[in-house]
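Remarks on the structure that follows.
The values are calculated or read from the model by the stated rules, or taken from the named source; none is laboratory data. Treat the numbers as computed from the prediction; the structure is a model and nothing was measured. Backbone-built Cβ (ideal geometry, glycine too); neighbour counts: all protein chains shown. For accessibility, only protein heavy atoms count, side chains too; no ligands or nucleic acids. Shrake-Rupley method; radii C 1.70, N 1.55, O 1.52, S 1.80 Å.
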Amino acid sequence: MESETEMSFGAEATNLATRAPTKIKYEVLLDFVGGCFGGIAGVVVGHPFDTVKVRLQTQNVQNNSVVSRLVTSPSPSSPSGLQRFPVHTVKPEVVAPHAYRSTWHCFASTVKEEGFFGLYKGLASPLAGLAFINAIIFGVQANTLRQFKDQTIVSHSIAGAAAGAVQCVVACPMELAKVRLQLQGKGESHHYYSTHKHAYKGSIQCIYKIYIKEGIKGCYRGLNSTLIRDIPGFTLYFAAYETFCTFFQSRHPKGENLGLAELIIAGGLSGTCSWLLSHPIDVIKSRIQADAVEGTPLYRGTIDCLRKSIKAEGFRVFLNGLSANLLRSFPVNAATFTVYTYFMRYCNNHFNQT
């Protein structure tokens, strides 16, 4: 049975195409523009929480990297001026002290030490990749939905899984640059950070330097964990949103649009549900992408990172940054879905009148 919900991710574009076959050529453009507007709103709202999340997820990795560097620091007691034991004798399984005690402590420490704009480090990376990612997500999702006669929860789930898989091609290097920039200059004031040289000046330079040093493989560090995170994550994301919208739509007369509050709730809850499922593997993804920023690489791959993280910190490692992620997920996805829906609603009304 075809759902009466008109607010699903990609459904507005699908309705537009079916009502006006001669306007199909505008379809991809509308998906692209609507996705960009929704994505920009989500990034601006949620990036501070994302910075806190990444720092909480990777702080043990960063601290162990610092320990690795200290092993080779000058020592007056050594004739050669260096410690007598090599870097590889430092075991990554040894848990270094955490710099942040909680989400609020991380947030407050970042603002105190780096200023408010410290929370927006790495912002250019998600904004730069936003157009590509949302074009992929909206395009793949909408075109996959058109292959189904009826738009049901199952069809939205399949379309979400397809979109999640394909967008990883752009999302993985973009998130790699974002993580590296978010961790760069940690603890430095905004003035000091802006007036001193660092390894990376921006997202594009970051990706370029990684490519020069490690090749294309280095740019896709963490791809496996990104795929494992995003395929089920986007599956639940779209299925949950369709479910919430269908529920709200059943309380309205047929053909009546969902209200602003309902769109905010549906979008926010769908994002929260998705991140509850995706967060554990997101911890592993962040650690792999943060690995070797400073010191010696600790992980050989996703399984090795999973094994060493559990051995070092237990299963509680998967809770690192969870509260920051959940605080971020509701407003980000509420903004994304709401802005996208209002844009597509405007386009539908405009083309229906012409």
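Structure values in brief
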| read-out | value |
| --- | --- |
| Segment 142-162 residues that are within 19 Å of Pro232 (Cβ to Cβ), paired with ones that are acidic (Asp, Glu) and at pLDDT below 95 (beta carbon under 6 Å, 6 or more apart) | Ile153/Glu242; His156/Glu242 |
| Residue match in segment 179-202 (condition: within 23 Å of Leu277 (Cα to Cα), assigned to a helix (DSSP H, G or I) and touching a residue at least 12 places away in the same chain (Cβ under 8 Å)) | yes |
| Some residue of segment 198-221 being surrounded by 15 or more Cβ atoms within 10 Å (Cβ to Cβ) and in contact with an Asp or Glu (Cβ under 8 Å, 6 or more places away or on another chain) | yes |
| Flag if Phe138 is of a type in the set (A, V, I, L, M, F, W, C) and either free of Cβ contacts under 8 Å to residues at least 40 places away in the same chain or open to solvent by 10 Å² or more (accessible area, probe 1.4 Å) (or both) | no |
| Filter result for Ala261 (closer than 25 Å to Ala165 by Cα, in a helix (DSSP H, G or I) and not β-branched (Val, Ile, Thr)) | no |
| Residue within segment 272-286 that is over 28 Å from Ile40 (Cα atoms) and of a type in the set (D, E, K, R) present | no |
| Unique match (being open to solvent by 30 Å² or more (accessible area, probe 1.4 Å), more than 17 Å from Asp230 (Cα to Cα) and touching a residue at least 12 places away in the same chain (Cβ under 8 Å)) among Thr338, Thr296 | Thr296 |
| Top-ranked residue in segment 239-293 [being of a type in the set (Lys, Arg) and surrounded by fewer than 22 Cβ atoms within 10 Å (Cβ to Cβ); ranked as modelled with the lowest pLDDT] | Lys254 |
